[in-house]
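Scroll down for the structure; my scribbles are underneath it.
Derivation of every value follows stated rules applied to the coordinates shown; laboratory data play no part. Keep in mind that this is a model prediction, so the values were computed, not measured. Note that each Cβ is placed from the backbone with ideal geometry, even for glycine, and that neighbours are counted across all protein chains shown.
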Amino acid sequence: MFKHIELLMNELSEKISANARFVVVLTLAVTTTITTITMKSINIYFITAFVFISISLYSPEIYRFFMNKLK
């Protein structure tokens with residue numbers, strides 16, 4: 001089971017470089033902030049989407065970090 005997850009995480013990390021992930025997360029952060037300021041209220045849906053996408057994009061690094069700590 002863990003071998004399949006590790007294979008998936010390796011494939012994800014090979015498809016998107018670290019710089020591309022940073023650009024996507026930075027763009028999402030800016031658009032979330034601008035949308036929140038424009039609407040003059042905190043929109044929980046934009047913030048939740050930003051957090052979810054950020055975690056999803058960095059999941060290969062998070063997975064490797066935890067697996068290295070557990071070994």
Tell me the label-point distance for the pair residue 31, residue 43, using the 7 Å Cα-to-Cβ offset, in nm and rounded to one decimal. 1.1 nm
Roughly how many whole Å is it from the C-alpha centroid of the stretch 34-50 to that of the stretch 54-71? 27 Å
